[in-house]
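The values are calculated or read from the model by the stated rules, or taken from the named source; none is laboratory data. Bear in mind that the values here come from a model prediction, so they are computed numbers and not experimental data. Heads up, the Cβs are rebuilt from the backbone with ideal geometry, glycines too, and the neighbour counts pull from every protein chain shown.
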Amino acid sequence: MAKQQRTMRVEQRSQLAAMQQMESRSDEELLAETKYKAAAQAILGARAAERYDAKAARAHFQRALAAARPQERLQLRRMADASLALAERRPDDLKQAAERLGVEPPSKRQLRGLKLMGLVAPPASAGMLARIRGIVLVVLAVILIFAVAYGLVKLVTLATGSLSTDLSIFWAFVVVVVAVGTLVLVGRRRQKRAQAERAEQIAARSR
């Protein structure tokens, strides 16, 4: 009897502890997972939250909870709370949920970024007024960024001779594309690193 109980405890821990090893799997592989279905669905839910897809994240975590053992559900609910707070751009709730989950909460800079994201790209539940406000803010931000890039191009070309307006606009566009591309690349790397760290923390707490 004691051996059976010990085996059950190992299996219970392995569901959540397996998350760290499963992080590298594709979405298709996770969807096909049967042995560690709760862990696979939780990872899919976290990925959906990082895409700010609250509906998909909620559905994955519901499947994870349905497949989990009773001893695992509290931790999964806490993971779901944190992921949904991220998907719905709720920085204060995300910080509290991360603390309850037992992982390092996002930095103040990350929380400010999430709050800004909530302004320019509010969730579907925010209402039409919030969406219109977000569109206006995005348009204004694009105009401001392009104006700054255009000014930098003009400033740089002062020493080599002025460019035509068409060329200045072209190079300003190139500067904006390069800057945005760099920010996206850096952001994705940081996101992957944070995701791996969270998985390690969750796995450590689940052993």
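Restrict the check to region 55-63 and report whether at least one residue is over 21 Å from PRO123 (Cβ atoms), assigned to a helix (DSSP H, G or I) and among the polar types (S, T, N, Q).
No, the conditions are met nowhere in region 55-63.
Being at pLDDT 80 or above and small (Gly, Ala, Ser) is the filter here, so list the residues in region 121-154 that pass it.
Those that are at pLDDT 80 or above and small (Gly, Ala, Ser): ALA141, ALA147, ALA149, GLY151.
Answer yes if at least one residue in region 155-166 is in contact with a Lys or Arg (Cβ under 7 Å, 6 or more places away or on another chain) and either surrounded by 11 or more Cβ atoms within 10 Å (Cβ to Cβ) or at pLDDT 80 or above (or both), and no otherwise.
Taking every residue of region 155-166 in turn, none turns out to be in contact with a Lys or Arg (Cβ under 7 Å, 6 or more places away or on another chain) and either surrounded by 11 or more Cβ atoms within 10 Å (Cβ to Cβ) or at pLDDT 80 or above (or both).
Given the criteria surrounded by 13 or more Cβ atoms within 10 Å (Cβ to Cβ), modelled with pLDDT under 65, assigned to a helix (DSSP H, G or I) and not small (Gly, Ala, Ser), does ILE202 qualify?
yes
Being in contact (Cβ under 8 Å) with a residue 24 or more places away in the chain and of a type in the set (Lys, Arg) is the filter; apply it to region 13-46 and report the residue that is surrounded by the fewest Cβ atoms within 10 Å (Cβ to Cβ).
Residue satisfying both the conditions and the ranking: ARG13.
Condition first: in contact with a Lys or Arg (Cβ under 7 Å, 6 or more places away or on another chain), under 17 Å from ALA54 (Cα atoms), in a helix (DSSP H, G or I) and hydrophobic (A, V, I, L, M, F, W, C). Can you find one or more residues in region 99-106 that meet it?
No, region 99-106 has no match at all.
Looking at MET79 and the list (1) within 19 Å of GLN62 (Cα to Cα); (2) without any contact (Cβ under 8 Å) to a residue 60 or more places away in the chain, which single condition is not satisfied?
For MET79, the exception is condition (2).
Would you please name the residue that is surrounded by the fewest Cβ atoms within 10 Å (Cβ to Cβ), looking only at residues in region 90-144 that are without any contact (Cβ under 8 Å) to a residue 12 or more places away in the chain and under 15 Å from the mean Cα position of the chain (by Cα)?
ARG109
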